[in-house]
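Bear in mind that the values in this text are calculations on the coordinates, not laboratory data. It should be emphasised that the depicted structure is a prediction, and the values quoted were computed from it without experimental measurement. Quick reminder, even Gly has a Cβ in these numbers, built from the backbone with ideal geometry, and neighbours come from all protein chains shown.
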Amino acid sequence: MLKLGNRGTTATLLSWLAVLAVLITAFLAIRNHGSVIDEYHHFLQINTFLHGQATLDPELTTLPGYHLLVCGIAVLVRASSYPDMRLVNFLLSLFTILVFYASAKRFSDNPQVRMLQFSFLPLLFPFFFLIYTDVTALLFVLLALYLWERGYRSWGYCFSLLSILVRQQNVVWLLFLLAWDFTETYGYRFVAPALVKRYLLKNWLGVLILLGFGGFALLHGGISMGHQKFHPSFNLSTGNIFFFLFLSFFLFAPLGLADLGERWRLLVRHRVVVLFFMVGLALLYTFSFQADNPLNQFDFHLRNKMLHYLTANSFNRFVGFVPIALAALYFATTSFKRPAFYLLYPFSVALLAPSWLIEQRYYLVPAALFMLFRPAASRSVEYAVAALYLGLSLYCFDGILHGRFFL
C-alpha cells in the first residue's frame, strides 16, 4: 500500500499523474485528426498487412517490424481505423515511458524527474500519438539495454534485433552493447587475441545478429528499404551531428548551470586542448555543414526552417555555431559514473554521420540514453528543465494539431 507520507513515493505518484494527465489530454485532442505527413504511408502498410498482403510500400525506408507489430495488435483488438492505430501507438508509448523509468531507477538518482523530462522531451512528445516507427524503435532499444544490463544478455540481444527490424540504424546500438561489455570487462585498452575470442564467444548471439545484418546489407545493396535516392546507405555527412549539437544547447546545456564553475575550471585547466578542439570544430562546421537534401527544403517542417536560417549566410552560420560550440563543451565536460557511458558519444556520431537527410527523429535514442546516463543537477534545475520541455512540447504539439508546421 502506498504511504503518501513518504516524500519519494508522493513525488513519484504526482509525476506519473502529471504525465498521464498531459498525455491522455493530448491523445484525445489528436486522435481523430487527419493524417499527418508520413502517417499515411505507415497506416497504408499496416492496412496492407491487415488484408493479408505482403507488399511493401516503396515510400517507406524502414523494415516492416513496426507495421507487423501494430498489425498483430490490431488483429487481436479488432482495430482498423486511424484513431485505433493511434491508440495502439499511444499504448506502446506509455510502455516506453515505463521502461525508461525502470532504466532511470538503475542509472540515476532521481528517476521521477528524469521520467518527467523524457515524457515531455520536445523531440519525442508529438510522436507518442502518431503512427510513426520512432517510439517503438526507442522502446526496443531501451528494453534491450535494460535487460542486457540486468544480466539477461540473450533477451537484450533479442530486443536489439527487434529494434533493428523497426529501424535499421539501430544496429549501432547493438554494437554499443557489444562495446559496453568489452569496456566493462577489459577497459579502454588493447587485449590479447585469445581474450577477444573469448569475448566474442561469450556474446555469440549479438555477433550472430550483427553478421546477419551485414549479410542483409550486402544482399540488398544498402540498408534503406526505399527512397535510396534521398537516403543513400554509404554516405558521410556532418549535418545531423551539428544540428543535434545545436538542439542540445537548448535541451541539455541548461543542466550545466548547476556546476558551471567546475566546468569552467576544467576548461581553463585544459585550455590548449580546448582551443585546438574549438578550432577543429569550427573548421569542420564551416566547410562541411549544409542542408542540401531535397527533403530538407520543405518549409512546413520546423527543422527545415531552422536549417534554412542557419545556412542562409555567413553571419547566420556564425550565430548558429555559438550554441553548437557551447553544447560541445557541455558534453565534453560532463562526467559519467561509469566508463562505458562515454561510449555514447562515438556511437551517436556513428549513428548520425551516415545520414544525408537532417532529421531530428534520429536523435531520440542518443538523447534518451544521455538523459539516463548524465549526472544529476540540482533539484530546482531538474524540475525547471522538465517545465521547459513541457512548454516546448505543447507549442510543437499545438503547431502540429492546427497544421501550422511539423517537426
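With a/c under 1.5 counting as rounded, go ahead and sort the chain into rounded, prolate or oblate using the C-alpha gyration tensor (a ≥ b ≥ c being the square roots of the eigenvalues; past the cut-off, prolate if a/b is larger than b/c, else oblate). Let's see the in-between values first.
On the way: a/c = 1.18, a/b = 1.14, b/c = 1.03.
Rounded is the answer for the chain, as its axis ratio a/c remains below 1.5.
Which value, in debye to the nearest 20, gives the size of the charge dipole of region 104-253 about its Cα centre, when Lys and Arg are +1 and Asp and Glu are -1 at the Cβ? The partial results should precede the final answer.
Numbers: 11 positive and 5 negative charges, 63 e Å.
With only Lys, Arg, Asp and Glu charged at Cβ, the dipole is about 300 debye.
Sort S108, S380, S233 so that the residue with the fewest other Cβ atoms within 10 Å of its own Cβ comes first and the one with the most comes last.
Details: S108 19, S380 9, S233 13.
Sorted ascending by nearby Cβ count, the order is S380, S233, S108.
Using the Karplus curve 6.51 cos²θ - 1.76 cosθ + 1.60 with θ = phi - 60°, work out ³J(HN,Hα) for each residue of region 185-201 in order, rounded to whole Hz, and write x for Gly and Pro.
8, 10, x, 8, 8, 6, 10, 5, x, 5, 6, 5, 4, 4, 5, 5, 5
What's the center-to-center distance, using Cα atoms, between region 104-172 and region 72-98 in Å?
Between the Cα centre of region 104-172 and that of region 72-98, the gap is 17 Å.
Residue farthest toward the positive end of the dipole of region 227-376, with Cβ of Lys/Arg at +1 and Asp/Glu at -1: which of N304, V319, A350?
So the residue furthest toward the plus end is A350.
Below 8 Å between Cα atoms, with a sequence gap of 6+, how large is the relative contact order for the chain in percent?
Details: 470 pairs, mean separation 86.7, N = 407.
Across the chain, relative contact order equals 21 percent.
Which shape class, rounded, prolate or oblate, goes with region 196-307 when its Cα gyration tensor gives a ≥ b ≥ c as root eigenvalues, a/c under 1.5 marks rounded, and past that a/b bigger than b/c marks prolate? Write out the running numbers ahead of the final one.
Details: a/c = 2.31, a/b = 1.28, b/c = 1.81.
Oblate shape, in that a/c is at least 1.5 and b/c is the bigger or equal ratio.
Under 16 Å Cα-Cα from K202, which aspartates and glutamates qualify once same-chain neighbours fewer than 8 residues away are excluded?
Within the straight-line limit of under 16 Å, K202 reaches these aspartates and glutamates: E149, D181, E184.
Starting with the fewest neighbours, write out H220, H231 ranked by other beta-carbon atoms found within 10 Å of each beta-carbon.
Numbers: H220 13, H231 21.
Ordered by Cβ neighbours within 10 Å, fewest first: H220, H231.
Magnitude of the Cβ-charge dipole of the chain, K/R +1 and D/E -1, about the Cα centre, nearest 20 debye?
Using only the charged Cβ atoms, the result is roughly 1180 debye.
Grab the Cα-Cα distance for T311 and A353, subtract it from 0.36 nm times how many residues apart they are, and report the gain in nm with one decimal.
Numbers: separation 42, 0.36 × 42 = 15.12 nm, distance 1.85 nm.
Between T311 and A353, full extension yields 13.3 nm more.
Leaving out same-chain residues fewer than 8 places away, which lysines sit with a Cα under 20 Å from that of K105?
K105 reaches K3, K337.
Whole-Hz Karplus ³J(HN,Hα) for region 309-325, in order, using 6.51 cos²θ - 1.76 cosθ + 1.60 and θ = phi - 60°, x for Gly and Pro?
With the stated coefficients, region 309-325 comes to 5, 5, 10, 5, 7, 5, 5, 5, 5, 5, 4, x, 6, 4, x, 4, 5 Hz.
Ranking request for peptides 307-318, 202-213: highest mean number of other beta-carbon atoms within 10 Å first, then the rest in descending order. Could the numbers behind the result be given before it?
Details: 307-318: 13.8, 202-213: 15.8.
Ranked by mean Cβ neighbours within 10 Å, highest first: 202-213, 307-318.
Cβ under 15 Å from L161's Cβ, L161 left aside: what net charge do those residues give with Lys, Arg +1 and Asp, Glu -1? The partial results should precede the final answer.
Working: positive: R153, R167; negative: none.
Counting the neighbours of L161, the net charge comes to +2.
Report, by chain and number, residues whose modeled amide H sits under 5 Å from the one on F406, excluding near sequence neighbours (fewer than 5 apart, same chain).
H301, L302
Ordered by residue, what ³J(HN,Hα) values in Hz, to whole numbers, does region 328-334 give under the Karplus form 6.51 cos²θ - 1.76 cosθ + 1.60, where θ = phi - 60° and Gly and Pro are x?
Per-residue couplings from phi come out as 4, 5, 4, 5, 5, 9, 8 Hz.
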